[in-house]
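For reference, the structure discussed in these notes is given below.
The values are calculated or read from the model by the stated rules, or taken from the named source; none is laboratory data. Predicted model only: the values in this text are computed from it and were never measured. Positions of Cβ are backbone-derived with ideal geometry, glycine not excepted, and every protein chain shown enters the neighbour counts.
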Amino acid sequence: MEEDTTSMGLFKKYLGNKNIFRNREVLRHSYRPQVLPHREPEIEGVASILAASLKGETPSNILIYGKTGTGKTACVRYVGAELENASRETSIPCHVIHLNCEVIDTQYRVLAQIAKTLEGHDERPSDSQRTNIPFTGWPTDQVYMELKNHLDTIGGVMVIVLDEIDKLVKKSGDETLYNLTRINSDLRIAKVAIIGISNDLRFTDFLDPRVLSSLSEEEIVFPPYNAHQLTDILTQRAQAAFNEGVLEENVIPVCAALAATEHGDARRALDLLRVSGELAERENTERVTEKHVRQAQEKIDTDSMIECVSTLPTQSKVVLYSMLVLDQNGKKLFTSGEVLNVYREVAKDLSLDILTNRRITDLVSELNMLGVINTRVVSKGRYGRTKEMWFDTTTQRIWETLAKDQRLEQETLKRMDANRLKTIFR
C-alpha cells in the first residue's frame, strides 16, 4: 500500500486532503438535482403546456427568457425527463430533443442533429427508423424532407428545445425557425413543439413577425434569484457536496450575497462555493472560510477576464497593450490622450492601420464594459474634459495573455522602455 502511495509522486500532496469534498461534481453547472428550489411556478408553467403531448395533441410553442444562471435549462431538462417518463405509461410516445445552438448554429446542423438524436432514442432502430443524413453535403431542402419523413416514421410528439436560440438566429437568420414552426402542416402522423431558451430579450428583433407569432405562442420569464433563494440552493447542494461541518457558518450566505449582486446568477454562486472549497483543499486546511470565498471571487473574476482578453480583436489588444505599457512605466492613472500616443507608436511598429480617435474611444469603452479596465471622465476646467483609466488588479496575467498573440510576441514590443515613452510625450 505504501508503495502505491509513493508512486503518486507529484500528485501525492494534492490527493492527501480528503476532508473537504464528499462529491464536488454536485456543484457543477451540468449537475441536475432532483429538486429545483424556488422554480416551482416556472416548472408547473412548462409542464402544463407540454401536458397536451400525453393526449397526442400538439403543445404550444414556448419562448423562455431569463438571465444566465436563473435555472432555465435545468427546469426544461427536468420537465422534459418527466414528460418522457410519463409517456411510457401511455400509448403516445414523447421525445424531447435538446440542442445547444451555440454549437449547432446552422439550419443544416439543426435539422441533421434532430434526426440523429431521434434515432438514438430507439436502442435498436429498424432500417426504416434510421436516417442517412450526412453531416454536410446535402441541399437543405433534402435534409428537411428526410427529417419530415423520419418524424412521421417514428410518430408521437417531439419537443425540440433550442437552447441559446438567439445564437442560432444571429448566426443563420430565422429560416430555421420558420421551417420548424411550420413543419406540423407537412407531417401526417408526428407532431412537433418548439421550446426556445434565450438570455437575450432583444433577439426577437431579428425575427420576422410571422415567425415570432408562431414561436412565442407561450412566453415564460425566469426572474433572477435573490440572496435568500441562492442561500437555499447552495445549502441543498452543499449537503451532498461537502463533508459535514467543513463550511464555516457565513460561507454560504457570503457566496449567495456576492452572486445576488451579479443579477441573481446561481451558476456564479455555485462556482464561488466550489472554488472556495478547492482553495481550502489546496491549502490542506480542514475548514472552508470567508477568506476562501473572497479569494475565489478574485480568482473567478481574473480567470473570466483573461478568457475575455484572449479573444479580443487585434486592434483592441493593441489598445490594451498601450495601456499596459503606461502602467508598466509607472503611470498607474493615465488619460485617453496618453493611450492614443502610445497606441500610434505600437500600431506603427506592427504595420497596422491607425484607427481614428473616435474608434479608439469606442474600444476603450468596450474594455471598460468588459471589466478589463476602469474609466472615469474628469473635468479639466477651461481645457474641457478627459477620460482617466486605471487597472484594478495585477496586470501580469494580462501581459502573459497578450504575449501569446503572434503579433505582440515580438521581444521589442513586450516592454516599451522609459526613454521611448519620454520621446512620445515630449
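Only one of these conditions is not met by K167: (1) modelled with pLDDT of 90 or more; (2) of a type in the set (K, R); (3) part of a helix (DSSP H, G or I). Which number is it?
Among (1) modelled with pLDDT of 90 or more; (2) of a type in the set (K, R); (3) part of a helix (DSSP H, G or I), the lone unmet condition for K167 is (1).
Do we have T302 as assigned by TED's automatic domain parsing to the domain that holds R274, surrounded by 14 or more Cβ atoms within 10 Å (Cβ to Cβ), part of a helix (DSSP H, G or I) and touching a helix residue (DSSP H, G or I) at 6+ places or on another chain (Cβ under 7 Å) here?
So T302 passes the test.
What's the number of the condition R274 fails, among (1) among the basic types (K, R); (2) over 18 Å from the mean Cα position of the chain (by Cα); (3) within 30 Å of D200 (Cα to Cα)?
Checking R274 against (1) among the basic types (K, R); (2) over 18 Å from the mean Cα position of the chain (by Cα); (3) within 30 Å of D200 (Cα to Cα), the one that fails is (2).
Residue-by-condition table, conditions (1) surrounded by 20 or more Cβ atoms within 10 Å (Cβ to Cβ); (2) modelled with pLDDT under 90; (3) within 32 Å of the chain's Cα centre (by Cα):
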site: L312; (1), (2), (3): yes, yes, yes
site: L320; (1), (2), (3): yes, no, yes
site: M323; (1), (2), (3): yes, no, yes
site: G337; (1), (2), (3): no, yes, no
site: V342; (1), (2), (3): yes, no, no
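Just wondering, is there one or more residues in region 209-216 that are touching a residue at least 24 places away in the same chain (Cβ under 8 Å), closer than 17 Å to G66 by Cα and hydrophobic (A, V, I, L, M, F, W, C)?
For region 209-216, residues touching a residue at least 24 places away in the same chain (Cβ under 8 Å), closer than 17 Å to G66 by Cα and hydrophobic (A, V, I, L, M, F, W, C): present.
So, in region 207-231, how many residues would count as being surrounded by 14 or more Cβ atoms within 10 Å (Cβ to Cβ) and either in a helix (DSSP H, G or I) or on the phi > 0 side of the Ramachandran plot (or both)?
The number of residues fulfilling the criteria is 8.
I need the full set of residues from region 69-117 which are acidic (D, E) and farther than 22 Å from I154 by Cα, in order please.
Hits for region 69-117 are E102, D105.
Please go through region 157-178 and pick out each residue that is surrounded by 20 or more Cβ atoms within 10 Å (Cβ to Cβ) and of a type in the set (S, T, N, Q).
Of everything in region 157-178, just one residue is surrounded by 20 or more Cβ atoms within 10 Å (Cβ to Cβ) and of a type in the set (S, T, N, Q), namely T176.
Only one of these conditions is not met by H29: (1) touching a residue at least 40 places away in the same chain (Cβ under 8 Å); (2) within 30 Å of R268 (Cα to Cα); (3) surrounded by 15 or more Cβ atoms within 10 Å (Cβ to Cβ). Which number is it?
(3)
Does any residue of region 93-116 turn out to be surrounded by fewer than 19 Cβ atoms within 10 Å (Cβ to Cβ), closer than 24 Å to S30 by Cβ, among the hydroxyl-bearing types (S, T, Y) and modelled with pLDDT of 85 or more?
No, every residue in region 93-116 fails to be surrounded by fewer than 19 Cβ atoms within 10 Å (Cβ to Cβ), closer than 24 Å to S30 by Cβ, among the hydroxyl-bearing types (S, T, Y) and modelled with pLDDT of 85 or more.
For region 248-271, check the following and say yes or no: at least one residue is crowded, with 16+ Cβ neighbours inside 10 Å, hydrophobic (A, V, I, L, M, F, W, C) and in a strand (DSSP E or B).
The answer is no; no qualifying residue exists.
Kindly indicate whether T375 is within 30 Å of E262 (Cβ to Cβ), within 32 Å of the chain's Cα centre (by Cα) and either assigned by TED's automatic domain parsing to the domain that holds E262 or in contact (Cβ under 8 Å) with a residue 12 or more places away in the chain (or both).
yes
So is L54 within 25 Å of R267 (Cβ to Cβ) and either of a type outside the set (G, A, S) or in contact with a helix residue (DSSP H, G or I) (Cβ under 7 Å, 6 or more places away or on another chain) (or both) or not?
On the way: within 25 Å of R267 (Cβ to Cβ): no; either of a type outside the set (G, A, S) or in contact with a helix residue (DSSP H, G or I) (Cβ under 7 Å, 6 or more places away or on another chain) (or both): yes.
Answer is no for this residue.
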